[in-house]
1. For the stretch 107-128, name all the residues that are within 20 Å of VAL223 (Cβ to Cβ), within 15 Å of the ligand (Cβ to nearest atom) and part of a loop (DSSP other than H, G, I, E, B).
2. Kindly indicate whether VAL104 is free of Cβ contacts under 8 Å to residues at least 60 places away in the same chain and crowded, with 23+ Cβ neighbours inside 10 Å.
3. Return the pair list, or none, for Cβ contacts closer than 8 Å from residues in the stretch 59-70 that are under 16 Å from PHE120 (Cα atoms) to residues that are within 12 Å of the ligand (Cβ to nearest atom) and among the β-branched types (Val, Ile, Thr), at least 6 apart or on different chains.
4. One residue is enough: does the stretch 249-264 have a residue meeting the conditions touching a helix residue (DSSP H, G or I) at 6+ places or on another chain (Cβ under 8 Å), away from the ligand (no atom under 16 Å from the Cβ), under 19 Å from ASP182 (Cβ atoms) and outside any helix (DSSP H, G or I)?
5. Can you name every residue in the stretch 49-89 that is surrounded by fewer than 19 Cβ atoms within 10 Å (Cβ to Cβ), more than 16 Å from the ligand (Cβ to nearest atom) and within 27 Å of MET258 (Cβ to Cβ)?
6. Considering the stretch 126-148 alone, what residues qualify as being out of contact with any helix residue (DSSP H, G or I) (no Cβ under 6 Å at 6 or more places or on another chain) and closer than 13 Å to PHE39 by Cα?
7. Of the residues MET231, MET187, which single one is at pLDDT 95 or above and surrounded by 21 or more Cβ atoms within 10 Å (Cβ to Cβ)?
8. Working only within the stretch 136-154, note down all residues that are crowded, with 17+ Cβ neighbours inside 10 Å and not charged (D, E, K, R).
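The values are calculated or read from the model by the stated rules, or taken from the named source; none is laboratory data. Keep in mind that this is a model prediction, so the values were computed, not measured. Because the Cβ atoms are built from the backbone with ideal geometry, glycine has one as well, and the counts that use them run over all protein chains shown.
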Amino acid sequence: MASRAATPYMACFPKAPRLKARDAMPSLNEIRSTFLNYFAADGHEKVHSAPLVPQNDPTLLFVNAGMVPFKDYFTGAAKPPYPRATSSQKCVRAGGKHNDLDNVGYTARHLTFFEMLGNFSFGDYFKEHAIERAWNLVTRDFDLDPKRLMVTVYIDDDEAAAIWKKVAGFSDDKIVRIAGSDNFWAMGENGPCGPCTEIFWDHGDSVPGGPPGSPDEDGDRFVEIWNNVFMQFEKENDEIVRKLEKPSIDTGMGLERMTTVLQGVHSVYETDLFKTLIAASEDATSTRAEGERKPSHQVIADHLRSSSFLIADGVTPSNEGRGYVLRRIMRRAMRHAHLLGASDPLMHRLVPTLVAEMGAAYPELARAQAFIEDTLKQEEIRFRTTLSKGMALFDTAVQGFRPGDMLDGQTAFTLSDTYGFPLDLTRTRRAAAAFPSTSKASRRRWPSSASARARTGRARARRPTPANGWPCATAWDRPSSPAMTPSRDRARSWP
Ligand code: SER
């Protein structure tokens, strides 16, 4: 439960933030370097991203936060070789607890692969230095307008609130106190944890939404850009069992989200890196990323990144475990390539563009380029042979469909499990089958996919998504949709 802000924080701002005095917008690569260099200059060891396959935690599918590789340093299980570190950690969220796969491509912020920038103190500095360093970076080096920033602190963390007042000169209405898990970060049921303070950016009043802690907090106006965790405790089986020997700092800033802020755009797909990837996908398919085709290009751009980085880190497509998740991601992208009319395997042709953009920061990507291309190509060839069989099954199942009819659960399940049809595409095709020429509005009356899932016997808690068979470009097109506002979980790009 979040406490409510006493005084709503409202202001009117132009679209783009103030940028550091320079001629051009900073690129995503420059933003990453600025962050790492800033903390290196403050005595932090620059640590290269750990592989996406966790080296120290067999229970975790993929690394999904910057602190994961450092977990044992926080708990004291291992001795850190340096007291401070900074990294840009590769993260994947496409399975397990934080599974965003079905949203990706349809919203402004969901990604299966993202980079988490972080600075870490292993029993070295604590709250004051962390807050002061964070404030200096965002307001000086990133040159964000302090008037458009606000923070949250844990409900009883008077110390953090006092530091924010001193460092940023914030009044009480800019320091929102939040109770519960929103401002208490834990790795999971086990591991280090502690209260946190989060920095929010205000996109301005042209965007619906309220500040954190307000009834409208789920809108897109205020976005969290940085989480600073004061690691103080350790959990076992979801209970706090001890205080950490030395209080520590763990921070996480989503690079792609920070890039949207610094480039003055709202969707991650409008940032420089994604624009380049989407342009490559447009060229390769001779289609534009507009209208109904836009989500397909966005899916392809995102999934190209997660697939390529996973393959570079040694994951190969298979029918179980990590390989199965990779196969689902790859096939979802390949199905979208097919939707765009690509008659030959597409994904491998986009790898050189990705390597040109990200290979300097991640040499392992460049080293694995040939293997990534080959793996993608072979999988797409295999997928195309099963695709036509799946299409035939689908077409038979929906023959004579009328509005209100539902695709039977067994067919939906077979399409998904045997033929690799992602659910969103099954829904898209289902809607098209029943409404070959009707309006978007009438398609929205379709029975929800939740009932279809329930009938498969595989129902699981999942929020509605915009992928119910009507085209939707970004969250900003349909701000009132519940799919765009499923709580703070949406506002975070990480666990
Ligand atoms: N571990 C925290 C998070 O993921 C801060 O890095 O938000």
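1. Scanning the stretch 107-128 gives ARG109, LEU111.
2. The answer is no for VAL104.
3. Close Cβ pairs satisfying both conditions: GLY66/THR251; MET67/VAL229; PRO69/VAL63.
4. As a first pass, look at the stretch 249-264 and keep what is touching a helix residue (DSSP H, G or I) at 6+ places or on another chain (Cβ under 8 Å): 249-251, 253, 255-260, 262-263.
Okay, now just the ones that are also away from the ligand (no atom under 16 Å from the Cβ), so 259-260, 262-263.
Restricting the remaining residues to those that are under 19 Å from ASP182 (Cβ atoms) gives none.
There is no residue in the stretch 249-264 that is touching a helix residue (DSSP H, G or I) at 6+ places or on another chain (Cβ under 8 Å), away from the ligand (no atom under 16 Å from the Cβ), under 19 Å from ASP182 (Cβ atoms) and outside any helix (DSSP H, G or I).
5. PRO51, VAL53, GLN55, TYR82, PRO83, listed by residue number.
6. HIS129, ALA130, ARG133, ALA134, ASN136, VAL138
7. Values: MET187 fails: at pLDDT 95 or above.
Criteria check complete, one pass: MET231.
8. Of the residues in the stretch 136-154, the ones crowded, with 17+ Cβ neighbours inside 10 Å are 137-138, 142, 144, 148-154.
The answer is LEU137, VAL138, PHE142, LEU144, LEU149, MET150, VAL151, THR152, VAL153, TYR154.
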